[in-house]
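Structure record follows, encoded as structure tokens.
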Amino acid sequence: MRYPILGLSLAVILLGGGHSAFAGSAVAFTTALNNCQNESLDIDVRIGACTEIIRTNLLPKRSLADMYFIRGNIYAKNNKSDEALADYNKALELKPDFPEAQNNRAIIQSQSAAGSTAGTP
């Protein structure tokens, strides 16, 4: 799933986000953003790209929440529940009215609870 934060992201860079690793390079930022969202890429490439975007701290809170959500989904799809849960929690901290993150967090929590009680009478 792709999120409509690309235009906003470029505006942030061009309007004064020059303190980041992407300073002066809207192309590098856009590439990382696209790689984060590209479901056909390798998991490590995607996670690395999402992490780069998050670390820049260039996005407004709501868009940053989307990036944590996307990375959480990548972790969840690759059986990294702890990492996914941490990212969903951060997404909800930044954007409390984020039903998709609430839903995905609940799924991870219920799977974790079911796994922890497996084999218990």
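For the reader, a short list of remarks on this structure follows.
- Search result, residues across segment 70-82 that are outside any loop (DSSP other than H, G, I, E, B), farther than 18 Å from Ser40 by Cβ and open to solvent by 10 Å² or more (accessible area, probe 1.4 Å): Ser81, Asp82
- Test: residue in segment 69-80 that is on the phi > 0 side of the Ramachandran plot and modelled with pLDDT under 95: yes
- Under the condition of being open to solvent by 40 Å² or more (accessible area, probe 1.4 Å) and not basic (Lys, Arg), the residues counted in segment 49-69 number 3.
- Test: residue in segment 103-114 that is open to solvent by 30 Å² or more (accessible area, probe 1.4 Å), modelled with pLDDT of 95 or more and touching a helix residue (DSSP H, G or I) at 6+ places or on another chain (Cβ under 7 Å): yes
- Segment 30-46 residues that are farther than 12 Å from Asn78 by Cβ, paired with ones that are of a type in the set (Phe, Trp, Tyr) (beta carbon under 8 Å, 6 or more apart): Ala32/Phe22; Gln37/Tyr3
- Residue identified as open to solvent by 10 Å² or more (accessible area, probe 1.4 Å) and over 28 Å from Ala113 (Cα atoms) among Asn89, Asn34: Asn34
- Hits in segment 35-58 - residues which are in a helix (DSSP H, G or I) and of a type in the set (Gly, Ala, Ser): Gly48, Ala49
The values are calculated or read from the model by the stated rules, or taken from the named source; none is laboratory data. Note that the structure is predicted; figures quoted are calculated from it, not measured. No Cβ is skipped: glycine too gets one built from the backbone with ideal geometry, and neighbour counts run over all protein chains shown. Heavy atoms of the whole protein, side chains included, go into the accessibility calculation; ligands, DNA and RNA do not. Shrake-Rupley method; radii C 1.70, N 1.55, O 1.52, S 1.80 Å.
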